[in-house]
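Values quoted throughout were computed directly from the atomic coordinates according to the rules given, and no laboratory measurement underlies them. Just so it is clear, the model here is predicted, and its values are computed rather than measured. Cβ sites come from the backbone with ideal geometry, for glycine too, and all protein chains shown count toward neighbours.
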Amino acid sequence: MSDSQKVTAGEPLRVALLGCGVVGSSVARLLTEHADDLAARVGRPLELVGIAVRRAGRDRSDLPVDPALFTTDAESLVTRADIVVEVIGGIEPARGLIEKAMAHGASVVSANKALLAEAGPSLYASAAEHGVDLYYEAAVAGAIPILRPIRESLAGDDVRKVLGIVNGTTNYVLDKMDTTGQGFAEAVEQAQALGYAEADPTADVEGFDAAAKAAILASLAFHTRVSSDQVYREGITEVSAADVQAAREMDCVVKLLAICERTEVADADGVLTPGVSVRVHPAMIPRSHPLGGVRDAFNAVFVEADAAGELMFYGKGAGGDPTASAVLGDVVAVARHRVGGGRGPGESAYADLPVLGMGQALTRYHISLAVADRPGVLAQVATAFAAHDVSIETVRQKVVVDEEGGETRASLVVVTHTAPDAALSATVEALAALDTVHEVTSVMRVEGS
């Protein structure tokens, strides 16, 4: 940080706020209501010098701030601040405003997961070029402190795996499907009524939100650049009541999981090469697992590290005040740097590990089949698994009668041992092609055991 960027004794630090939605409103309110405490913690007052909004005429009398602070001129606002807080979301104009703020010497605190997942490296580079901080704890899991522990507290350790429930909307929907027997559509409607889901819940239920967060977590945990388009993604729209019931029969629960792990894959010559697997998809997880008991719209992240072992981070993953708590924690951190000098950690991408495709990820499958009830069927099924080097862990069979045709059929449930996802997927295709298999009724991955 240059001498011109240090704050003289007693001089307030100017804070500009970009966005005044649910999170922005909470940030503005907490900055105002806790002004004295924040000043004591930082060593200087924090002065809110402007709030950039899209429509200046909107009634915001419920906020304890001077109405004169609201402006539609975000471009000008970021040039007269020491710290810029960005909570508008999206890629543009957020990226341009952040870059302009940094060019004018401002440190930046952001809650923008989509932007960090897409343009994190360029923003880190801009922060380094201009000698300022870039903090974004609120971009993942709301109030839960997870990014700073990975980036700083575990900097001396080797993180092996990050397994998380990082989207409150999908966790609420799946939890209600499990505990009340609601269908997917009904559970989504209830989540919308309670404010947990947007009117258009696509970003949540299709896994886009979780994929962006997974990219950020993997980048920090494995010192490797991972973008959201490198994250394998499946949403929860295809999760059925039958899937939830099947999980219950295994003493499991269905969760949308963000899974980031460092692994090794063998090439054609058997040489092991390290890589990073990053994926988001629904999976069965044992109820006894720490993530299995995460209810409602809460988030949780489970971290496995070589020296530290297993760590669990749990709390509110969304909402105005919880997210604002994470934002203000970052504001205090960067403000202290500006008062005392120095900067927080920048990008760490030295490992530069390859990001592996989903086919190379190691997982397990739960497969439900409707098959003919006659001798030799199980042998055919077992042969299909063996042909793809997939080992079977358990098999359950139940005989059912087709009431319309009077035909006797069997329901076959197979749980595999761990195998590459490509081999498991190919096995499912082979099973579907068998003349003794009437239908592959359900396929779901199994994690956490």
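Remarks
- 3J(HN,Hα) along the stretch 306-319: 4, 8, 6, x, 9, 10, 10, 10, 9, x, 6, x, 7, x Hz, from the Karplus curve 6.51 cos²θ - 1.76 cosθ + 1.60 with θ = phi - 60°, whole Hz, x for Gly and Pro.
- Dimensions in Å of the chain - Rg and Dmax from alpha carbons: 25.0, 88
- A straight Cα-to-Cα reach below 14 Å connects LYS100 with the aspartates and glutamates ASP73, GLU75, ASP82, GLU86, GLU92, GLU129, ASP133, residues fewer than 8 places away in its own chain not being considered.
- Put a dot 7 Å past the Cα of GLU186, heading toward its Cβ, do the same for THR79, and the two dots end up 5.8 nm apart.
- Think of the chain as a dipole: +1 on every Lys or Arg Cβ, -1 on every Asp or Glu Cβ, centred on the Cα centre; then among PRO149, PRO121, LEU353, PRO149 lies furthest on the positive end.
- Relative contact order [Cα under 8 Å, 6+ residues apart], the stretch 361-446, whole percent: 49 percent
- Contour minus Cα-Cα distance for ALA241 and ALA266 (0.36 nm per residue): 5.2 nm
- The stretch 147-316: relative contact order as a whole-number percent, Cα under 8 Å and 6+ apart: 32 percent
- Length added when fully stretched, ALA382-ARG60, from 0.36 nm per residue minus Cα-Cα: 109.4 nm
- Lys/Arg +1, Asp/Glu -1 at C-beta; the chain dipole; positive extreme among SER277, ALA39, PRO93: ALA39
- Ignoring lysines fewer than eight residues from LYS161 along the same chain, the ones with Cα atoms less than 25 angstrom from its Cα are LYS113, LYS213, LYS255, LYS316.
- Interatomic Cα distance distribution for the stretch 187-284, bins of 10 angstrom, percent: 15, 33, 32, 16, 3, 1
- Around the Cα centre of the chain, unit charges on the Cβ atoms of Lys, Arg, Asp and Glu (plus for the first two, minus for the last two) sum to a dipole of about 1100 debye.
- For the chain, the mean residue ellipticity at 222 nm estimated from helices alone is -10000 deg cm²/dmol, where every DSSP H run of n ≥ 4 contributes -39500 (n - 2.57) and the total is divided by all residues, rounded to the nearest 500.
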